[in-house]
1. So what J values fall out for the range 27-43 if you push phi through Karplus, 6.51 cos²θ - 1.76 cosθ + 1.60 with θ = phi - 60°, rounded to Hz, Gly and Pro as x?
2. What full-extension length gain, to one decimal in nm, is calculated for LYS24 and TRP12 as 0.36 nm per residue of separation minus the Cα-Cα distance?
3. From the phi angles alone, apply the Karplus equation (6.51, -1.76, 1.60; θ = phi - 60°) to the range 3-17 and give each ³J(HN,Hα) in whole Hz, x where the residue is Gly or Pro.
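Every read-out reported here was derived from the displayed coordinates using simple, explicitly stated rules and does not represent laboratory data. None of the values given here were measured: they were computed from a predicted structure.
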Amino acid sequence: MGMIIEKMQEFWDSLDTETVVNKKVLFLELLVCVFAGVLAGIIISPKKRVMIGCCNGDCIIEETEQDEIE
């Protein structure tokens, strides 16, 4: 266990060095992070039935009426 912590500490200390990153690479990395966050939010969000539109309670269609409409 101590060996893993030492390697993690070495890695963490190596992050202090300055590096030059191309703007295109930086933009693509940020884009991937944003899309990963959106995907994680979709997966983690509570699942519920959402109806978009203004029904005001009068748009409930029975199965028989729905068959006539089709």
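1. Karplus values, whole Hz, x for Gly and Pro: 4, 5, 5, 5, 5, 5, 5, 5, 5, 5, x, 5, 5, 5, x, 5, 5.
2. Gain in length upon complete extension: 1.8 nm.
3. 5, 5, 5, 5, 5, 5, 5, 4, 4, 4, 5, 6, 6, 6, 6
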